[in-house]
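The values are calculated or read from the model by the stated rules, or taken from the named source; none is laboratory data. On a predicted model such as this, the values are computed, not experimentally measured, just so you know. Glycine gets a Cβ as well: all are built from the backbone with ideal geometry, and neighbour counts include every protein chain shown. When the accessible area is computed, the model is the full protein with side chains, heavy atoms only, and any ligands, DNA or RNA have been set aside. Shrake-Rupley method; radii C 1.70, N 1.55, O 1.52, S 1.80 Å.
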Amino acid sequence: MYRETADSVQGLLDRAYPDLGWFCNTVGYGITYGGTDVLSQVEVSYSIVAALIAIDAPRQIAWHLANAQHGGASFEEAKAAREIAMRVAEASGVTWSGEVPEATVVEKH
């Protein structure tokens, strides 16, 4: 999912808090991302984008919008998933401290 950014993301997690890297690998990535028999990688990315929008985590939102496209979503689909999550969050009373990243076109290799 993280492709060429995997090592830098892992390093960021490891530096943020001693157990965060382990927790993310074991619980977050292992359990959450590992359930591809239930949801596709794209569906998992959309779910994560919605959760990140609800908790105002802009840096991670941009990453996971890109991850959806790396998993096979089109730019238009990623953009639509963001818009739906924004509308639901706003209707639920969520406010943001700054701008919520837009989906950007991701070059697919």
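Taking residues in segment 6-17 that are under 13 Å from residue 28 (Cβ atoms), and partners anywhere that are among the charged types (D, E, K, R) and outside any helix (DSSP H, G or I), not one pair has Cβ atoms closer than 9 Å while being at least 6 places apart or on different chains. Residues of segment 7-29 include at least one that is in a helix (DSSP H, G or I), at pLDDT 85 or above, touching a helix residue (DSSP H, G or I) at 6+ places or on another chain (Cβ under 6 Å) and open to solvent by 70 Å² or more (accessible area, probe 1.4 Å). When 73, 89 are checked against the criterion of being of a type in the set (A, V, I, L, M) and either part of a loop (DSSP other than H, G, I, E, B) or within 22 Å of residue 9 (Cα to Cα) (or both), 73 stands alone in meeting it.
The set of residues in segment 83-108 being within 13 Å of residue 57 (Cβ to Cβ) and within 14 Å of the chain's Cα centre (by Cα) consists of 85, 100, 101. When each of 78, 66 is tested for being crowded, with 17+ Cβ neighbours inside 10 Å, over 10 Å from the mean Cα position of the chain (by Cα), within 22 Å of residue 4 (Cβ to Cβ) and hydrophobic (A, V, I, L, M, F, W, C), the lone residue that passes is 78. For residue 99, the conditions (1) modelled with pLDDT of 90 or more; (2) assigned to a helix (DSSP H, G or I) all hold with the exception of (2). Assessment of segment 30-37 against the conditions (in contact (Cβ under 8 Å) with a residue 24 or more places away in the chain and either of a type in the set (D, E, K, R) or more than 20 Å from residue 106 (Cβ to Cβ) (or both)) yields no matching residue. The residue that is nearest to residue 97 (Cα to Cα), among those in segment 40-58 that are under 9 Å from the mean Cα position of the chain (by Cα) and surrounded by fewer than 17 Cβ atoms within 10 Å (Cβ to Cβ), is 51.
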